[in-house]
Amino acid sequence: MGGTRFVGKPLVARLQAQGHALTLFTRGFLAAPDGVEHLIGDRTTSEGMNSLHGRSFDVIVDSSGRKLEDTQQLITHTGAPNHRFVYVSSAGVYAASEQWPLDEESSIDPASRHLGKAQTESWLSQQGIPFTSFRPTYIYGPGNYNPIERWFFDRIVHDRPIPIPGDGTTITQLGHVVDLAEAMTRSLEVETATNRIYNCSGKLGITFKGLISSAARACGRDPQSVELCSFDISALDPKARKAFPLRLSHFFTDITRVQRELAWQPRFDLETGLMDSYSNDYLIKPTAEPDFSGDKALIGV
């Protein structure tokens with residue numbers, strides 16, 4: 001489900017290299033790579049998924065499901081996979097905490113905008129459908145359609161002051177898209193991964209100040225030359241991601257389980273990952289007209 005954008009691209013490449021026969025189901029906006037079956041439809045309606053009806057698969061990988069109904073409707077058409085249902089969930093399901101990092105047993109936030117993903121995990125378990133779910137924090141890397149690293153690159157490249165929450169010591173965590181794809185692929189070969197949920201991100205958390213310094217170096221700039229302008233977060237939703245692209249509160253997870261059970265280690269640290277994103281995405285397709293209007297509400301310029 002998906003496969004032609006961001007997470008799907010490195011995942012499809014790995015599965016093809018391993019010799020799997022692949023079927024992609026997408027809205028058809030982007031072409032599928034050679035050698036895969038490409039079904040086009042709209043998963044938001046039952047009729048839009050008719051091309052999947054009656055088909056059965058050994059593995060279903062779902063990188064686009066957001067609500068429980070998305071998965072239920074899919075399984076209605078295909079039945080449960082013979083081997084595994086691999087699901088891209090989100091660490092955004094976790095509730096705020098005073099203890100960090102968050103592990104897979106941390107409390108779920110019933111008001112989370114990602115609650116449907118946690119409900120999907122529970123439903124798969126209740127139905128006895130063998131699944132593996134991954135809960136990344138912020139995914140970044142070439143092809144990212146979410147304004148994460150690009151938000152910082154835009155301001156650094158255009159010599160804009162960068163809004164920074166408070167004193168910049170809030171800790172966040174990013175994980176490279178290629179590392180996530182590798183973990184998802186490895187999970188198919190590991191029986192222990194059946195009916196397991198994994199946090200999957202970079203090894204370390206990083207402060208907002210550290211993130212901006214790494215982004216500056218990725219752009220070939222001296223971090224000392226980047227102007228940081230602090231803004232007050234007291235009146236803002238700590239989970240807001242509008243004017244500033246990341247949560248305004250600590251947000252990082254423990255990835256011990258995925259490292260141990262899948263014998264997996266992220267290949268990218270944040271420094272090399274941001275350089276990859278800048279060189280292999282941003283430089284190739286820089287933002288045509290960056291929108292800095294949100295900065296005014298934060299720092300007045």
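Structure data summary
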{"quantity": "Output for the range 247-292, where each listed residue is assigned to a helix (DSSP H, G or I), of a type in the set (A, V, I, L, M) and closer than 26 Å to ARG160 by Cα", "calculated": "LEU270, LEU274, MET275"}
{"quantity": "Neighbours by Cβ (under 8 Å, 6+ apart or cross-chain): first from the range 203-217, without any contact (Cβ under 8 Å) to a residue 40 or more places away in the chain; second of a type in the set (S, T, N, Q)", "calculated": "THR207/THR169; THR207/THR170; THR207/THR172"}
{"quantity": "Among the candidates ILE139, ILE164, residue that is of a type outside the set (Asp, Glu) and either farther than 20 Å from ARG5 by Cβ or surrounded by fewer than 19 Cβ atoms within 10 Å (Cβ to Cβ) (or both)", "calculated": "ILE164"}
{"quantity": "Test: residue in the range 66-87 that is in contact with a Gly (Cβ under 9 Å, 6 or more places away or on another chain), at negative phi and among the basic types (Lys, Arg)", "calculated": "yes"}
{"quantity": "Failed item in (1) in contact with a strand residue (DSSP E or B) (Cβ under 9 Å, 6 or more places away or on another chain); (2) closer than 30 Å to VAL59 by Cβ; (3) in a loop (DSSP other than H, G, I, E, B), with GLY175 passing the rest", "calculated": "(3)"}
{"quantity": "Hey, VAL12 within 24 Å of GLU189 (Cβ to Cβ) and surrounded by 19 or more Cβ atoms within 10 Å (Cβ to Cβ) or not", "calculated": "yes"}
{"quantity": "Residue match in the range 31-48 (condition: among the polar types (S, T, N, Q), surrounded by fewer than 20 Cβ atoms within 10 Å (Cβ to Cβ) and modelled with pLDDT of 95 or more)", "calculated": "no"}
{"quantity": "Which listed residue is of a type in the set (Ser, Thr, Tyr), under 25 Å from TYR94 (Cβ atoms), over 15 Å from the mean Cα position of the chain (by Cα) and modelled with pLDDT of 95 or more, from THR207, THR253", "calculated": "THR207"}
{"quantity": "Members of the range 50-76 that are β-branched (Val, Ile, Thr) and either free of Cβ contacts under 8 Å to residues at least 12 places away in the same chain or in a helix (DSSP H, G or I) (or both)", "calculated": "THR71, ILE75, THR76"}
{"quantity": "Residue satisfying condition, being surrounded by fewer than 20 Cβ atoms within 10 Å (Cβ to Cβ), in contact (Cβ under 8 Å) with a residue 24 or more places away in the chain and β-branched (Val, Ile, Thr), within set ILE233, ILE255, ILE197", "calculated": "ILE233"}
{"quantity": "Verdict on GLU289 being acidic (Asp, Glu) and loosely packed, with under 13 Cβ neighbours inside 10 Å", "calculated": "yes"}
{"quantity": "Residue that is of a type in the set (Gly, Ala, Ser) and crowded, with 22+ Cβ neighbours inside 10 Å, where the choices are SER107, SER97, SER125, SER187", "calculated": "SER187"}
{"quantity": "Filtered residues of the range 41-96 (kept if under 26 Å from PRO136 (Cβ atoms) and basic (Lys, Arg))", "calculated": "ARG43, ARG66, LYS67, ARG84"}
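The values are calculated or read from the model by the stated rules, or taken from the named source; none is laboratory data. This structure is a prediction, so every number in the text was calculated from the model and none was measured. Glycine gets a Cβ as well: all are built from the backbone with ideal geometry, and neighbour counts include every protein chain shown.
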